[in-house]
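Visitor: Mind looking over this structure? Questions follow.
The values are calculated or read from the model by the stated rules, or taken from the named source; none is laboratory data. Just so it is clear, the model here is predicted, and its values are computed rather than measured. In this analysis, Cβ positions are derived from the backbone assuming ideal geometry, glycine residues included, and neighbour counts consider all displayed protein chains.
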Amino acid sequence: MSRISRRILTSGALALTGVMALSACGSSDPDSDSAGSAPAKTRTVTTVMGDVKVPTNPQRVVVLDTGELDSAISLGVRPVGATHAATEDGFPSYLPADDVADIKVVGEIANPNMETVASLEPDLILTSKVRDGQRYEQLSAIAPTVMTESTGTAWKENFRLHADALNKKAEAEKVVAAYDAHVAKVTEAIGGKEKAAATEVNFVRFVEGADIRIYGKQNYIGSLFADIGVGRPAITDKAKDGFSYDVSPEKIDLADADVIFTSTYGDPAKAGTTETMNSGLWKGLKATRNDRTIKVDDRLWIAGIGYTAAGKILDEFQADMTS
């Protein structure tokens, strides 16, 4: 009987309790098996859910959000399974096709199919508490599960935890250094730090089933703008929890800036993109009058949340700001 078949999902909590009990009765050495057996090839990683023993060199990794998928790809690791956004069938198109080939879809973000995850016999699962905290015991019964607290604005810290879990710290340092150099290059290309700071940049996201979001500073794209050093309009300081200031189409004039990047989640007609951009208020914005409203890919600029996405965003940002 295989390891996974012994861990029946419907009794995930019992399986986890059993594992904990066995650990309590075993060797006090966290990186060894019981007396007489060979040393276990594991390492301990500190997570928001406590210390987790993970394989020294995990081979079968399942990731349950786009940030974790980006981290793995950025570090040269191809997961065996991954979730996708509810409105999409596959993985983000900004990721190289060869890197996501043969990765099995294991359900939607925040709603993974536990049987499919288990069938892949992973030796490591990467996700976050905000997405899968309520499934932690079930996931841990399948494989060691490393969770960050949240996603979005903490993406750099999350990446370092992912790198630790994957035993790719050296590779991570190279990724971070390359990003820092790329940021400096973009800032210089758009006129240097002084000109960047004097240029107010906003990001407006149209969301099907919700109000229009004027993005604040405490989110993924906000952190990239901060790294580049561009200015942000005063409305961003009113964003709830720093994340977004939500408005109806009738108040879209509050989003005005020197440059406005926009994206749409869902159907543009249902998200209000079409209606808003055809309105007099939108056409009267300074950014619109100066032809400085720029549509970008939502799956890259908002949902990417990682260093591979950031590299592509920086390239697009430079091209858009210097055209």
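Visitor: Checking T236 against (1) farther than 20 Å from P79 by Cβ; (2) among the β-branched types (V, I, T); (3) touching a residue at least 40 places away in the same chain (Cβ under 8 Å): exactly one of these is not met. Which one?
Guide: Unmet condition: (3).
Visitor: Here is a follow-up. Return the residues of region 260-279 that are within 18 Å of D237 (Cβ to Cβ) and touching a residue at least 60 places away in the same chain (Cβ under 8 Å); say none if nothing qualifies.
Guide: None; the set is empty.
Visitor: Quick check, is V48 under 28 Å from the mean Cα position of the chain (by Cα), at pLDDT 50 or above and surrounded by 17 or more Cβ atoms within 10 Å (Cβ to Cβ)?
Guide: No: the conditions fail for V48.
Visitor: Among the residues in region 78-95, are any under 24 Å from the mean Cα position of the chain (by Cα), more than 19 Å from N167 (Cα to Cα), in a helix (DSSP H, G or I) and modelled with pLDDT under 95?
Guide: no
Visitor: Before we move on, is A172 more than 22 Å from K286 (Cβ to Cβ), in contact (Cβ under 8 Å) with a residue 60 or more places away in the chain and not assigned by TED's automatic domain parsing to the domain that holds L285?
Guide: Here the answer is yes, as A172 does meet what is asked.
Visitor: Would you confirm whether or not region 224-237 contains a residue that is surrounded by 15 or more Cβ atoms within 10 Å (Cβ to Cβ), within 20 Å of K283 (Cβ to Cβ) and of a type outside the set (S, T, Y)?
Guide: Yes, because at least one residue in region 224-237 is surrounded by 15 or more Cβ atoms within 10 Å (Cβ to Cβ), within 20 Å of K283 (Cβ to Cβ) and of a type outside the set (S, T, Y).
Visitor: Can we say E68 is at pLDDT 95 or above, part of a helix (DSSP H, G or I) and closer than 30 Å to G209 by Cβ?
Guide: Taking the combined requirement at face value, the residue satisfies it.
Visitor: Please verify whether region 267-278 includes one or more residues that are in the same structural domain as K217 (by TED's automatic domain parsing), basic (K, R) and farther than 29 Å from A198 by Cβ.
Guide: yes
Visitor: Among the residues of region 151-166, which ones are closer than 22 Å to A239 by Cα and modelled with pLDDT of 95 or more?
Guide: Answer for region 151-166, where residues must be closer than 22 Å to A239 by Cα and modelled with pLDDT of 95 or more: A154, W155, K156.
Visitor: May I pose another question? Do any strands (runs of 3 or more DSSP E) lying entirely in region 210-311 carry at least 3 residues that are hydroxyl-bearing (S, T, Y) and closer than 28 Å to T148 by Cα, and which ones are they?
Guide: The strands (runs of 3 or more DSSP E) meeting that bar are 259-265.
Visitor: Could you name every one of the helices (runs of 4 or more DSSP H) located completely within region 138-200 that has at least 2 residues being aromatic (F, W, Y)?
Guide: Once the helices (runs of 4 or more DSSP H) in region 138-200 are filtered for at least 2 residues that are aromatic (F, W, Y), what remains is 155-165.
Visitor: Looking only at region 279-306, which residues are under 30 Å from A110 (Cβ atoms) and either outside the structural domain of K195 (by TED's automatic domain parsing) or of a type in the set (V, I, T) (or both)?
Guide: I294, V296, I302, I305
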